[in-house]
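The values are calculated or read from the model by the stated rules, or taken from the named source; none is laboratory data. This one's a predicted model, so the numbers in the text were calculated from it and none came from an experiment. Cβ sites come from the backbone with ideal geometry, for glycine too, and all protein chains shown count toward neighbours. Note: areas computed on protein heavy atoms with side chains; ligands, DNA, RNA excluded. Shrake-Rupley method; radii C 1.70, N 1.55, O 1.52, S 1.80 Å.
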Amino acid sequence: MAAEKPGIGFIGAGTVGTALAVLLSRKGYPVVAVSSRTKASAEKLARRITNSRVAENSQDVADAADLVFITTPDDVIATVAAEIKWRPENSAVHCSGAASTDILEPARRTGARVGSIHPLQSFAGVDQAIANIPGSTFAIEAEGPLLATLKEIAASLDGIAIELKASDKVLYHAAAVMACNYFVTLVKLSTDLWQTFSVPAEQATKALLPLIRGTVNNLDKIGFPNCLTGPIARGDTGTIKKHLEALQKSAPAILPAYKELGRQTIPISLAKGKINEKQAEELAAVLK
């Protein structure tokens, strides 16, 4: 017989909290109570879930639920945890990518279990998050029965669970920022270059998207280092020199980023085996 699912409460009705609450409710987890900084936000979330009620405050959620998700902004999590009178039967969980369970110490001191679960996904909006979270990787920090519960939650959302230590969280989150947030920045810099030859940003983005999708597909199907293409992968120093000259003339602000990314690309090219050490040194000299 399957174990009975815990009653879940959410403190915070933003994008992550709303998406997780809706998805877990769909998977049969009873979301019994929700609260938010504004009652209107909590009511909006409660309307999307069957048999959930709007709690008066955070304490009301903790009193009603076994498993309490604190899905407030990161800077508020510790404050919320400190304001609640936790029961030993409670499990307190946050969804921050960068913070460890240390910020839930007030709950831990009262005997409540503490943990964190972070969906490795981009949250541009609630509907996008609901669509994107299933199948994601979930970074989990917890122990004992709560670890098992959070792994079950990840599995119910068709996700892959990875266990992290408290000391892993910041670098884990930095990696996510580089792969997701700074990827957006790279595309923005690319569209800026298109504007130098009078192509608007929106049109440039649409033009680049098939290239981006192809690159992501190569990452998925071929992997590192063989997915690398382009002039550094070929050892084409002449083309790199032309790029640098054109950037210096038309977009000097982008030049430092281009050089640093180029330098970081050389080891990947070497690993692919398409250039030798001499070519790598030549590329490094050009990108200095």
>> Over the Cα atoms of segment 1-160, each weighted equally, I'd like the Debye log10 I(q)/I(0) at q = 0.10 Å⁻¹, rounded to two decimals.
In response: -0.29
> Based on the mean of other beta carbon atoms within 10 Å per residue, what is the order of 111-124, 203-216, most packed first?
Replying inline: 111-124, 203-216
>> For the chain, what does the helix formula give at 222 nm: sum of -39500 (n - 2.57) over DSSP H segments with n ≥ 4, over the residue count, nearest 500 deg cm²/dmol?
In response: -16000 deg cm²/dmol
> Rounded to the nearest 0.05, what FRET efficiency is calculated for A131 and L209 with R0 set to 22 Å and r the Cβ-Cβ distance?
Replying inline: 0.80
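Might you tell me the accessible area per residue for segment 214-288, computed with a 1.4 Å probe and given in Å²? Spell out each step's value before the answer.
Values: 4720 Å² over 75 residues.
For segment 214-288, the solvent-accessible area averages 63 Å² per residue.
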> Which three lengths, in whole Å and largest first, does segment 101-168 cover when its Cα atoms are put on their principal axes?
Replying inline: 37, 21, 20
> Contour minus end-to-end for K85 and N276, with contour as 0.36 nm per residue of separation and end-to-end as the Cα-Cα distance?
Replying inline: 62.4 nm
> Quick one: helix 182-195 against the long Cα principal axis of the chain, what's the angle to the nearest 10°, folded into 0 to 90?
Replying inline: 40 degrees
> What ranking, highest mean first, results for peptides 160-173, 66-79 when packing means the other Cβ atoms within 10 Å averaged over each residue?
Replying inline: 66-79, 160-173
> Calculated FRET efficiency, Q264 and E43, Cβ-Cβ r, R0 51 Å, to nearest 0.05?
Replying inline: 0.60
> Along the positive direction of the dipole of segment 69-180 (beta-carbon charges: Lys, Arg +1; Asp, Glu -1; about the Cα centre), which of G144, P119, T72 reaches farthest?
Replying inline: G144
>> To make sure I understand the rule: partners must be lysines, Cα under 22 Å from the Cα of K249, and not fewer than 8 residues away in the same chain. Which ones qualify?
In response: K188, K241, K259, K288
> Just how large is the dipole of the chain about the Cα centre, in debye to the nearest 20, putting +1 at every Lys and Arg Cβ and -1 at every Asp and Glu Cβ?
Replying inline: 760 debye
> lysines near K39 by alpha-carbon distance under 22 Å, same-chain residues fewer than 8 away left out - which ones?
Replying inline: K85
